[in-house]
Amino acid sequence: MLNFIARRLVAIIPVLTVVAIFIFMMLRLTPGDPAAVIAGDNATSDQIAEIRTKLGLDEPMWRQFAIWIGDILQGNFGESFFFKKTVAELIAQRIEPTLALATCTLIFAIAVSVPIGVLAAYRQGSLFDRIVMGFSVIGFSVPGFVIGYCLIYVFAIELDWLPVQGYTRISVDFWAFLQRMVLPSLTLSVGFIALISRFTRASVLEVLNEDYIRTARAKGLSNRVVLMRHALRNAAVPILTVIGNGIAILLGGAVVTESVFGLPGLGRLTVEAVLSRDFPTIQAIILMISVVYVVINLLIDISYTLFDPRIRY
């Protein structure tokens, strides 16, 4: 296991190198000049050239890349062109709402989707099964912003139960934090519940036809024990894969949901950075998301051995 983890950690280096080169080249080759955005509409060409020199954008591309990589290796992600702060400080300020949204969404989505997926598999062909499958189709089909605006209309405008927008830090007011997390988390959860419940149903259905399940039932074990101890555990590998990839996507920033509910998270920061051509911020966020993807995939692979003893590394 330790050798496997060491090999995977070493493999991160070439992956992140390719990602870094791709990000850097993509931003430099796409149209748009950060200096012109910062200078404004009425700036002269001399003023724009002065800003480009100050930001180091007039250096050869290879030299800009070498400086950027050198700074990252020293733990320095540079300074934002637009926000006038270090990128590390900017990410630290914006990561809490995204982490909070991702955590609340995952807890709710897993708590709902896994039980209904298992139950739908156990009652295959029943009315409950058809309702779950119908919901999964709707969850995939309806865009997140439509669900978000519907929830705002019902629970914030008509019923006046929850606030429409904004974010309160958990350390400031826990109750206000929960109130502002409900609607965004529900909005994001719909798609994840549809996805995870469908995978759970398919995986459990496949396992229910195995011989050891028939053996467990022949021994007189209750349906609950057969489902939870034998079927769900052996069906866990594909479910863990879906959940793990879901975590990576959520941490990458739920751009639409954060915009609809006015959450100052990484998703909105990414949009603001792209619109203002803020190269250091965009590069740092994408690189950070890549690291999250790689680490989460490693954790998923390790977790397989906990649920399926046949898997060894």
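Not counting the cut sites, what is the longest span of the chain without trypsin sites (Lys or Arg not before Pro) that DSSP labels loop and that have at most 10 other Cβ atoms within 10 Å?
Here the longest segment lacking exposed loop sites spans 85-218.
By how many degrees, between 0 and 90 and to the nearest 10, does the Cα long axis of helix 279-307 differ from the longest principal axis of the chain?
Computed tilt is about 20 degrees.
Quickly work out the residue 133-to-residue 3 label distance, labels modelled 7 Å from Cα along the C-beta direction, and quote it in nm with one decimal.
Label at residue 3, label at residue 133, 4.6 nm between them.
So what's the angle, to the nearest 10 degrees on a 0 to 90 scale, between helix 61-73 and the longest Cα principal axis of the chain?
60
Over the stretch 31-153, what is the mean sequence separation of C-alpha contacts under 8 Å (at least six apart), divided by residue count, expressed as relative contact order in percent?
For the stretch 31-153, the relative contact order is 10 percent.
Please state the relative contact order of the chain as a whole percent: Cα pairs under 8 Å, 6+ residues apart?
For the chain, the relative contact order is 26 percent.
According to the Kirkwood expression over distinct Cα-Cα pairs, how big is the hydrodynamic radius of the stretch 113-231, in Å?
16.6
Normalised by the empirical 2.2 N^0.38 Å for globular proteins, what value does the Cα Rg of the stretch 1-144 take?
1.66
Mind checking the angle between helix 236-251 and the chain's longest principal axis? C-alpha axes, 0 to 90 degrees, to the nearest 10.
The angle comes out near 30 degrees.
Per residue of the chain, what 222 nm ellipticity follows from adding -39500 (n - 2.57) for every DSSP H run with n ≥ 4, rounded to the nearest 500?
-23500 deg cm²/dmol
I want to check the label-to-label distance for residue 176 and residue 209. Put each point 7 Å from Cα in the C-beta direction and report it in nm to one decimal.
5.5
Mind jotting down the distance between the C-alpha centroids of the stretch 135-210 and the stretch 87-121, whole Å?
10
Using only C-alpha atoms and all pairs of different ones, pull out the Kirkwood radius for the stretch 178-313 in Å with one decimal.
17.6
Each reported figure results from applying straightforward, stated rules to the coordinates on display, with no laboratory input. Keep in mind it's a predicted model, so treat the numbers as computed, not measured. Don't worry about glycine lacking a Cβ; one is built from the backbone with ideal geometry, like all the others, and counts go over all protein chains shown.
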